[in-house]
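The values are calculated or read from the model by the stated rules, or taken from the named source; none is laboratory data. Since the structure is predicted, the reported quantities are computational estimates derived from the model, not experimental observations. We place every Cβ from the backbone using ideal geometry, glycine too, and count neighbours over all the protein chains shown.
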């Protein structure tokens, strides 16, 4: 089945509706336009038009992305920064979003990583060697994007607590 190629005017209307429901990165919109058969300068002009009309805002997207992924996925600052870089969000917006996160959250990243690792510890088999438990917790915390020192401290605390 062949997909109907949209005209630029139809694409703008569809993307405006899409962006009105939730925040999206410009890169996501460019990929969507490409799937619809609109590429190159034409696609970039459409995204610029949506930016001018207020449907797309990289700063607003960065703040929403950081808040949601931190709260619901338990991602740490390092992972959040990397994911936003992959979406080609400018560094200044990433820094502002992470700063807002640190100001607004009720618990620090250290408390967050401890809570997350405590949950992970409950899912590990009791028969697992102590060293392997420690390794898995370290990998899990680092994969989630937390600072090495925060993860090491939390794992050390949990291993002492578990004795």
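Residues of the range 113-135 that are surrounded by 14 or more Cβ atoms within 10 Å (Cβ to Cβ) and either more than 19 Å from residue 73 (Cβ to Cβ) or assigned by TED's automatic domain parsing to the domain that holds residue 70 (or both): 133, 134. A single entry from 9, 69, 32 fulfils the requirement of being free of Cβ contacts under 8 Å to residues at least 24 places away in the same chain, more than 26 Å from residue 144 (Cα to Cα) and in contact with a helix residue (DSSP H, G or I) (Cβ under 8 Å, 6 or more places away or on another chain): 32. In this entry, residue 11 passes the filter for residues that are buried (at least 18 other Cβ atoms within 10 Å of the Cβ) and at pLDDT below 95.
Among the candidates 51, 4, the residue that is at pLDDT 95 or above and farther than 24 Å from residue 113 by Cα is uniquely 51. Residues that are more than 28 Å from residue 111 (Cα to Cα): find the helices (runs of 4 or more DSSP H) completely inside the range 2-91 holding 2 or more of those. So the answer is 8-21, 26-35, 40-52. Considering the range 70-87, and only residues there that are surrounded by fewer than 20 Cβ atoms within 10 Å (Cβ to Cβ), at pLDDT 95 or above and under 15 Å from residue 23 (Cβ atoms), the residue that is farthest from the chain's Cα centre (by Cα) turns out to be 87. In the range 144-153, the qualifying residues are those that are in contact (Cβ under 8 Å) with a residue 24 or more places away in the chain and surrounded by fewer than 17 Cβ atoms within 10 Å (Cβ to Cβ), and the one that is nearest to residue 121 (Cα to Cα) is 153.
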